[in-house]
Structure formats: structure tokens, C-alpha cells
Amino acid sequence: MFQWHLSCAYNEAQKAKFHAAARTRLRQLAKALDLPAGRFDIRSNRGGIAVSGEITLHADTLYIQISQPSFGSRNGVLIRTCQGRRDFTGGPNTFADLERLEDPKLLASFIKTVTGVKRQASAFGVAPEAAPRPDVARGG
């Protein structure tokens, strides 16, 4: 199990491990989301010395970013819909604990629920389903 909350600030070795682990988990997550090869990008921005930087999975209709929030929150997984890979603001933000990266299949299920990506059949190659549950809280 990776130590997602071990600070990367002023620790270049930990930052390198964090970025490598996040890229690996995002590749696993893309597979769990049934994203076709070539229909998503995974990129990394290491940021400055005092921050973790961010690692992003960007598909045609989905944007997921991994970072260590500098304000102490454990919710370092940002999830939102988007309209193409040049859309960097997208739909409403939903956050999840970094620990959810330990189970990409479970995280994929959560993402499908909160974003309604199953309804977007052309982007993910899955049959349309019902809208996400209204009881799932979203950030803004």
C-alpha cells in the first residue's frame, strides 16, 4: 500500500514516488473505466518545491487529477466531467480520499456513479444507464 499522505513538500524523493504511483494507479483506473487506448492522456506537473504537483488523467468526457492538497485535506482525487481534452474547467468538482487509489475498480465505480459516465456510451463503449444517484454529495 502506497503512503499517499506522506508529504511531498520539500522532499524530492517522495514527490518522485508519489508521481510514479499516481501514474500507475491512473493507468489502472483507465482500464477499470474501460477507456480505449488513445482516448485519454495521463500527464504530470511536478509543481514547485513546496507542493506535490498533480497527475492528471484526461479523457474526452472525464478529468481526474491526483494531488496532495496543501490545506491538509485527505481529498486529493479531483473528479469532474469535461467536454474534450482541451476543457480544463469542466463540470462540478467531486473529491475523494487519496486512499481510494488503492482499489481502482472500486474508484471507477464511484466515478461512474458521481459523473454519470455510463450514460456517455460513445466515450466509454458502455451501454447507457440511469443518471447518478441524487444522494451523492458534490463539491463546487
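The values are calculated or read from the model by the stated rules, or taken from the named source; none is laboratory data. Remember, it's a predicted structure, so these values are computed and weren't measured experimentally. Don't worry about glycine lacking a Cβ; one is built from the backbone with ideal geometry, like all the others, and counts go over all protein chains shown.
Numerical summary
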read-out: Residues within region 61-91 that are in a loop (DSSP other than H, G, I, E, B) and out of contact with any Lys or Arg (no Cβ under 6 Å at 6 or more places or on another chain), tallied; value: 19
read-out: Residue in region 32-51 that is in a helix (DSSP H, G or I) and either touching a strand residue (DSSP E or B) at 6+ places or on another chain (Cβ under 8 Å) or of a type outside the set (F, W, Y) (or both) present; value: yes
read-out: Enumeration of residues in region 38-72 that are over 16 Å from the mean Cα position of the chain (by Cα) and either farther than 14 Å from A16 by Cα or crowded, with 23+ Cβ neighbours inside 10 Å (or both); value: G38, S70, F71, G72
read-out: Q28 modelled with pLDDT of 95 or more and either polar (S, T, N, Q) or loosely packed, with under 13 Cβ neighbours inside 10 Å (or both); value: yes
read-out: Filter result for S109 (farther than 22 Å from L6 by Cα, of a type outside the set (A, V, I, L, M) and at pLDDT 95 or above); value: yes
read-out: All positions within region 43-90 that are among the polar types (S, T, N, Q), touching a Leu at 6+ places or on another chain (Cβ under 9 Å) and at pLDDT below 95; value: N75, T81
read-out: Tally of residues being touching a residue at least 24 places away in the same chain (Cβ under 8 Å), farther than 28 Å from K112 by Cα and in contact with a Cys (Cβ under 7 Å, 6 or more places away or on another chain) across region 1-50; value: 1
read-out: Residue check for F88: within 21 Å of G116 (Cα to Cα), of a type in the set (A, V, I, L, M, F, W, C) and out of contact with any strand residue (DSSP E or B) (no Cβ under 7 Å at 6 or more places or on another chain); value: yes
